[in-house]
Amino acid sequence: MSTLKPGVVWGEDYQTLLKACKEGQYALPAVNITGTNTINAVLEAAAKNNSDVIVQLSNGGAQFYAGKGMEDSFQAKVLGAVSAAQHVHLLAEHYGVCVILHTDHANKALLPWIDALLDHGEDFFKKNGKPLYSSHMIDLSEEPIEENLAESAARLKRMVPLGMSVEIELGITGGEEDGVGSDDIDSDKLYTEPEDCLRAYEVLSPIGHCSIAASFGNVHGVYKPGNVELRPSILKASQDLVAQTHGLDANPLDLVFHGGSGSEKAKIDESLGYGVFKMNIDTDTQYAFAESVGAYVEANAKAFKHQIDPESGTPYKKQYDPRVWLRAGEQGVMDRLDEAFKDLRSAGKSLADNSQKAKAA
Ligand SMILES: [Zn+2]
């Protein structure tokens, strides 16, 4: 088995990691983060599970990272994404796992965000010899397919010299995430046509590496079950069509599972056999953070109302210190990720080579 240097991976190392996932029929969770608390929780959980992992930012997450108070919200989305990536570049290698850095959905209105991140990315590459992000996602699934592919191709051409990949979306993921997507769409669009995957493969793979978020009934967020049905067989049909048309081995496409939160475990498991290497998770880790903080606040209610107990005079400094209750939130995220690493079968499979670190210790 090949090993990789711990830290952010891109280019050839990204391909090595992706191949290991597909050959081993496991996937990495792509966890949407909002600040250093959630980034560190993801890195710590990955290290604890000896799994590689994907740290992902939505445009809203990036804006929050820079600060909701920043007057220019577009600039906040750009600078927040740059700042978060720098945090991960600096710290990831010290957690001893491989980390893919990714941005989440960018629809047509958000293409200027991607273009600005590529400006920063080219600058970063000149200074550091590596890309700022391993991969960006461009989601033009609401546009006609030829426009989707042409716009994605144009960005991929800029990304290739930086050693970057692109993720595109074909068919529509239901639900809404950070202002991208919609609740009222034609349910046929929730299922990608295998012919569209073939077309994407033919347009994009000659330019560079692309992964595909193919819809098979996925929905962002967690809703009452029953409205849509996950059909992983659509992924298999897409893989088979591309493999047969181009005489390739099984599962030639690198597929992404969006809306992993709240999905049936058996459907997650089935999709791992069809070339899925990345599963996005956001809603479930958001809830895990909130649930843990909520439990802490409930158990220490007085410390959130009084600096000193009005009757006994006990100081509550140790209870309201943000490091304590934010840590409870981090712990909640880590517990939920223990489950994700297990569901995706990535636990214990990190490719990171920590022999240098072991020698130093
Ligand atoms: Zn998504």
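Computed quantities for the displayed model
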{"read-out": "Flag for S233 being away from the ligand (no atom under 15 Å from the Cβ), over 30 Å from K317 (Cα atoms) and surrounded by 24 or more Cβ atoms within 10 Å (Cβ to Cβ)", "value": "no"}
{"read-out": "Some residue of segment 73-83 being free of Cβ contacts under 8 Å to residues at least 12 places away in the same chain and surrounded by fewer than 23 Cβ atoms within 10 Å (Cβ to Cβ)", "value": "yes"}
{"read-out": "Residue match in segment 119-129 (condition: in contact with a His (Cβ under 7 Å, 6 or more places away or on another chain), without any contact (Cβ under 8 Å) to a residue 60 or more places away in the chain and crowded, with 19+ Cβ neighbours inside 10 Å)", "value": "no"}
{"read-out": "Residue, farthest from the ligand (Cβ to nearest atom), within segment 99-113, restricted to residues that are in a helix (DSSP H, G or I) and either farther than 14 Å from S152 by Cβ or of a type in the set (A, V, I, L, M, F, W, C) (or both)", "value": "P112"}
{"read-out": "Matching residues, segment 268-284, being surrounded by 16 or more Cβ atoms within 10 Å (Cβ to Cβ) and more than 16 Å from the ligand (Cβ to nearest atom)", "value": "E270, L272, Y274, G275"}
{"read-out": "Scope segment 63-117; condition closer than 17 Å to G163 by Cα and touching a strand residue (DSSP E or B) at 6+ places or on another chain (Cβ under 8 Å); matching residues", "value": "A85, H89, C98, V99, I100, L101, H102, T103, I114, L117"}
{"read-out": "Segment 114-139 - residue that is under 19 Å from Q63 (Cα atoms) and in a loop (DSSP other than H, G, I, E, B) and, of those, farthest from the ligand (Cβ to nearest atom)", "value": "L132"}
{"read-out": "Criterion violated by N251 - all others in (1) closer than 15 Å to M137 by Cβ; (2) surrounded by 22 or more Cβ atoms within 10 Å (Cβ to Cβ); (3) at pLDDT 95 or above satisfied", "value": "(1)"}
{"read-out": "First in segment 202-221 and closer than 14 Å to G171 by Cβ, second anywhere and within 13 Å of the ligand (Cβ to nearest atom) and aromatic (F, W, Y), Cβ under 8 Å, 6 or more apart", "value": "A213/F257; N218/F257"}
{"read-out": "Residue selected from segment 175-217 under the condition within 13 Å of the ligand (Cβ to nearest atom) and out of contact with any strand residue (DSSP E or B) (no Cβ under 7 Å at 6 or more places or on another chain), by the criterion modelled with the highest pLDDT", "value": "E177"}
{"read-out": "Conditions (1) within 15 Å of the ligand (Cβ to nearest atom); (2) in a helix (DSSP H, G or I): number failed by K157", "value": "(1)"}
{"read-out": "Test: residue in segment 92-115 that is charged (D, E, K, R) and touching a Gly at 6+ places or on another chain (Cβ under 6 Å)", "value": "yes"}
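Residue-wise test of (1) within 15 Å of the ligand (Cβ to nearest atom); (2) assigned to a helix (DSSP H, G or I); (3) touching a residue at least 60 places away in the same chain (Cβ under 8 Å); (4) not small (G, A, S).
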residue: L241; (1), (2), (3), (4): no, yes, no, yes
residue: T245; (1), (2), (3), (4): no, yes, no, yes
residue: L253; (1), (2), (3), (4): no, no, no, yes
residue: G260; (1), (2), (3), (4): yes, no, yes, no
residue: A266; (1), (2), (3), (4): no, yes, no, no
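Let's see how each residue does on (1) on the phi > 0 side of the Ramachandran plot; (2) in contact with a Pro (Cβ under 7 Å, 6 or more places away or on another chain):
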| residue | (1), (2) |
| --- | --- |
| Q25 | yes, no |
| T34 | no, no |
| I39 | no, no |
| A47 | no, no |
| Y65 | no, no |
| L91 | no, no |
| V97 | no, yes |
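The values are calculated or read from the model by the stated rules, or taken from the named source; none is laboratory data. Everything numeric in this text was worked out from a predicted model, so none of it was measured. So basically every Cβ, Gly included, is an ideal-geometry build from the backbone, and we count neighbours across all protein chains shown.
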